[in-house]
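Quick notes on the structure that follows.
The values are calculated or read from the model by the stated rules, or taken from the named source; none is laboratory data. Since this is a predicted model, take the numbers as computed values, not measurements. Note that each Cβ is placed from the backbone with ideal geometry, even for glycine, and that neighbours are counted across all protein chains shown.
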Amino acid sequence: MTAIHLVDLGRRRYGEVLELQRRLCRERVTGQRHEDLLLFVEHDPVITLGRGTKATSLPIPPETLTARGLEVFEVERGGDVTLHAPGQLVGYPIFHLSHHRPDLHWYLRAIEEALIEALGRFGIQAERNPGYTGVWTGGRKIASIGIHVKQWVTFHGFALNVSTALDLFDLIVPCGIEGVTMTSIAREAGAVPDLDRRVRAEVAAAFGRVFDREVVTADAALLVPPVEPAADAQR
Amino acid sequence: MATKIVMEALSPTMEEGRLVEWKKAEGQPVAAGDVLAEVETDKAVMELVARAAGVLLKQTVAAGATVPVSSLVGWIGQPGEAVPDGASGPATGAAAPAGASAAGAAPAAGSAAPAAGGTAAGAASAGVGAGAGAAGAAGAAGAAGAAGAAGAAQGGAAGAGAGAATAPAGRVKASPLARRIAADKGVDLTRVTGSGPEGRVIKRDLDRAPAAAAAPTRAVTRRRPDGPPFEDTPLTQIRKTIAKRLVQSIGPIPTFYLTTEIDMERAADLREQIKATQGDAVKVSFNDLVVRAVALTLVEHRACNAWWLDDKIRYWNEVHVSMAVAVPDGLITPVIRNADLKSLTEIGAESRELAGRARERKLKPEEYTGGTFSISNLGMFDIEHFTAVINPPEAGILAVGSIATVPAVVGGQVVPRKRMRVTMSCDHRVIDGATGAEFLKTLKQLLENPISLVW
């Protein structure tokens, strides 16, 4: 059975990882790469605008944000504005959905399922909020999802607040939903020893269960471009 | 001839999509596989890919608009070409019913490539998958043609352009009314005998066409339903009686056997095409084709994808194919799990890996238990035909013989053809004769039109 290869990139700048994702997706589409990847990363504070961003979602002009040291990126993922910052687990699954299910709704629900399962391990009862993709608990939003699919290869993904400084979200209207309150695992579950490591382990395990694949930890060397382009199968 | 661009379904449950942004301007050249636009549903963005080359003649929908799945969003054609007005397709048949589209794809895919004529959502999914295949290097002529057929069926996205124009040979003569009725009923026109002038299919023929003529919807309906992995069904009185009586006759598993001969010419061609385009990078064996075909057939014939559990029958929604592998002192059946969801190459890689470890006795118990149907292939030993023993609690096993070139009658001529005989052993407590026969009929159709195994 093919496995999901998990690569933890640690703390990286958004722009750098964006380019990496785009390249990995392209390599998978053209058949130079054959494995499903799950990238874990933590970003320096950054605001990203998805394809569904409304004009009202970013009340502060981008220049002002940039002046305050916050980068702003307009990206190809679905969804409205979001914010990444330290203390947030960002996951980028680069999966070939033809090998799972060529069904974007199923894929979004599967990511939610994995995060809900993982949160359950910390005693947090998380749930879906129909019509509002993402993961919620007690009416507060704990994880955001936005994806892009190129010939059934996915990139972009989810952002789960582990111990994020939540006041940062006041800079934006998260996901374009007025009045939404953001929360984090630390806020919901209180002090948990070794939280970062445990969250990564639980999320990885939950992805394995939900997508019915073994999850193997891989070295960042796996992400180096393949030397010789090999042709992929039917895809 | 201009080709329609339609809103594709990114999910079977998707009803409408928002065209986020056009990536090509009107008048800009377009190559097949180019990204035309981005489509958003929920929080997912997917690229809408061109299935024809030329120029983007027209964007009929503005960026930001939300439109129903399968509706027209633009046209691709030759520079200066006029865009057909209204929703009706051009005479060449970009929006013609499935039968004609399949005929259009014929020179590449073989004269009876199963046309995708089912639901809009399902057909669109197939179109996307196949489109990716064509763009992604497996661009065997067949795959490209099939992409055309699937796409055209969803409403004309693919316009099997060149195919339709240059291939009158495989084309069905039919009246426009007959074509519309066929499209509505999901009937494949290639399977209908015409009684009009020169064998033209007319309305009367379709009124008579039995439901069985609607076979080609399979390519798109062959999707495992969402839900639990299996459903237990208590025994009905008739099943209890069948079980009791037949066990008295032949027990403890009352088995019967069904044999059919399958023409493997096209399967052999497909392998050659894959070999020619992929070189040594990709290995697809006949066995891989059989495994995939069986898996897809099981999705459709759940009655054969079942366990006999004494007081009930467990009908599996999941498809786990057990594969008999000879080991030095016996045999073992590693299981290809969820085989219906795996591509040919994935099946190939996994079966070789499992068989390798089976011979080294390195399989874990969970790797050789839990199958829902078995395949035993002795073709490599030149066995023409045999019967295999059921692996309980599974209700069926398929014995696969060798592929031999034998004289066959095709179109009234005796010609050499590659044929393969398969025999299915059925547990009669679960599978009745007609049920097993239907299973084999579908399997035979799939293997004789193997292009549908690729996407």
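What single numbered condition from (1) farther than 15 Å from B:Ala293 by Cβ; (2) crowded, with 19+ Cβ neighbours inside 10 Å fails to hold for B:Phe373?
Only one criterion in (1) farther than 15 Å from B:Ala293 by Cβ; (2) crowded, with 19+ Cβ neighbours inside 10 Å is unmet by B:Phe373, namely (1).
Here is a yes/no grid of residues against (1) more than 15 Å from the chain's Cα centre (by Cα); (2) at negative phi; (3) not in a loop (DSSP other than H, G, I, E, B):
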{"residue": "A:His5", "(1), (2), (3)": "yes, yes, yes"}
{"residue": "A:Asp8", "(1), (2), (3)": "no, yes, yes"}
{"residue": "A:Leu18", "(1), (2), (3)": "no, yes, yes"}
{"residue": "A:Arg23", "(1), (2), (3)": "yes, yes, yes"}
{"residue": "A:Arg33", "(1), (2), (3)": "yes, yes, no"}
{"residue": "A:Leu38", "(1), (2), (3)": "no, yes, yes"}
{"residue": "A:Glu42", "(1), (2), (3)": "no, yes, yes"}
{"residue": "A:Thr48", "(1), (2), (3)": "no, yes, yes"}
{"residue": "A:Gly52", "(1), (2), (3)": "yes, yes, no"}
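Go over the candidates B:Ala388, B:Ala358, B:Ala349 one by one and state the one that is within 14 Å of chain A (Cβ to nearest Cβ) and hydrophobic (A, V, I, L, M, F, W, C).
Step by step, each of B:Ala388, B:Ala358, B:Ala349 is checked, and only B:Ala349 is within 14 Å of chain A (Cβ to nearest Cβ) and hydrophobic (A, V, I, L, M, F, W, C).
I'd like to know if the stretch A:166-180 contains one or more residues that are surrounded by fewer than 20 Cβ atoms within 10 Å (Cβ to Cβ), assigned to a strand (DSSP E or B) and more than 14 Å from chain B (Cβ to nearest Cβ).
For the stretch A:166-180, residues surrounded by fewer than 20 Cβ atoms within 10 Å (Cβ to Cβ), assigned to a strand (DSSP E or B) and more than 14 Å from chain B (Cβ to nearest Cβ): absent.
Conditions first: (1) under 19 Å from B:Gly436 (Cβ atoms); (2) in a strand (DSSP E or B); (3) of a type outside the set (A, V, I, L, M). B:Ser402 passes all but one, so which condition is the exception?
Checking B:Ser402 against (1) under 19 Å from B:Gly436 (Cβ atoms); (2) in a strand (DSSP E or B); (3) of a type outside the set (A, V, I, L, M), the one that fails is (1).
Out of the residues in the stretch B:1-40 that are crowded, with 19+ Cβ neighbours inside 10 Å, among the β-branched types (Val, Ile, Thr) and touching an Asp or Glu at 6+ places or on another chain (Cβ under 8 Å), state the one that is nearest to B:Leu72 (Cα to Cα).
Per the stated criteria, the residue is B:Val39.
From B:Gly17, B:Gly33, B:Gly54, B:Gly74, which residue is touching a strand residue (DSSP E or B) at 6+ places or on another chain (Cβ under 7 Å), farther than 28 Å from A:Thr82 by Cα and within 14 Å of chain A (Cβ to nearest Cβ)?
Matching residue, one of B:Gly17, B:Gly33, B:Gly54, B:Gly74: B:Gly33.
Considering each of B:Gln248, B:Gln278 in turn, give the residue that is among the polar types (S, T, N, Q), free of Cβ contacts under 8 Å to residues at least 12 places away in the same chain and in a helix (DSSP H, G or I).
Among B:Gln248, B:Gln278, only B:Gln248 is among the polar types (S, T, N, Q), free of Cβ contacts under 8 Å to residues at least 12 places away in the same chain and in a helix (DSSP H, G or I).
Looking at the stretch A:67-90 only, could you name the residues that are part of a loop (DSSP other than H, G, I, E, B), within 14 Å of chain B (Cβ to nearest Cβ) and in contact with a Ser or Thr (Cβ under 8 Å, 6 or more places away or on another chain)?
A:Val75, A:Arg77, A:Gly78, A:Gly79, A:Asp80
Tell me, please, whether a residue that is surrounded by fewer than 20 Cβ atoms within 10 Å (Cβ to Cβ), without any contact (Cβ under 8 Å) to a residue 12 or more places away in the chain and either more than 22 Å from A:Arg200 (Cβ to Cβ) or of a type in the set (A, V, I, L, M) (or both) can be found in the stretch A:30-43.
no
Which one of the conditions (1) within 16 Å of B:Val294 (Cα to Cα); (2) assigned to a strand (DSSP E or B); (3) touching a residue at least 60 places away in the same chain (Cβ under 8 Å) does B:Phe439 fail to meet, given that it meets all the rest?
That leaves (2) as the condition not met.
Please work out if B:Met46 is of a type in the set (A, V, I, L, M), in a strand (DSSP E or B) and modelled with pLDDT under 90.
The answer is yes for B:Met46.
Looking at the stretch B:323-387, what strands (runs of 3 or more DSSP E) fall wholly within it and have at least 2 residues that are of a type in the set (Val, Ile, Thr) and either within 26 Å of the chain's Cα centre (by Cα) or farther than 23 Å from B:Ile451 by Cβ (or both)?
B:325-327
Mind checking which residues of the stretch A:46-61 are more than 24 Å from A:Thr154 (Cα to Cα) and either in contact (Cβ under 8 Å) with a residue 12 or more places away in the chain or among the charged types (D, E, K, R) (or both)?
Matches in the stretch A:46-61: A:Thr56, A:Ser57, A:Leu58, A:Pro59, A:Ile60.
Let's see how each residue does on (1) among the polar types (S, T, N, Q); (2) within 12 Å of chain B (Cβ to nearest Cβ); (3) surrounded by fewer than 20 Cβ atoms within 10 Å (Cβ to Cβ); (4) farther than 23 Å from B:Thr13 by Cβ:
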{"position": "A:Pro62", "(1), (2), (3), (4)": "no, no, yes, yes"}
{"position": "A:Leu65", "(1), (2), (3), (4)": "no, no, yes, yes"}
{"position": "A:Tyr92", "(1), (2), (3), (4)": "no, no, no, yes"}
{"position": "A:His96", "(1), (2), (3), (4)": "no, yes, no, no"}
{"position": "A:Ile111", "(1), (2), (3), (4)": "no, yes, no, no"}
{"position": "A:Ala114", "(1), (2), (3), (4)": "no, no, no, no"}
{"position": "A:His148", "(1), (2), (3), (4)": "no, yes, no, no"}
{"position": "A:Val153", "(1), (2), (3), (4)": "no, yes, no, no"}
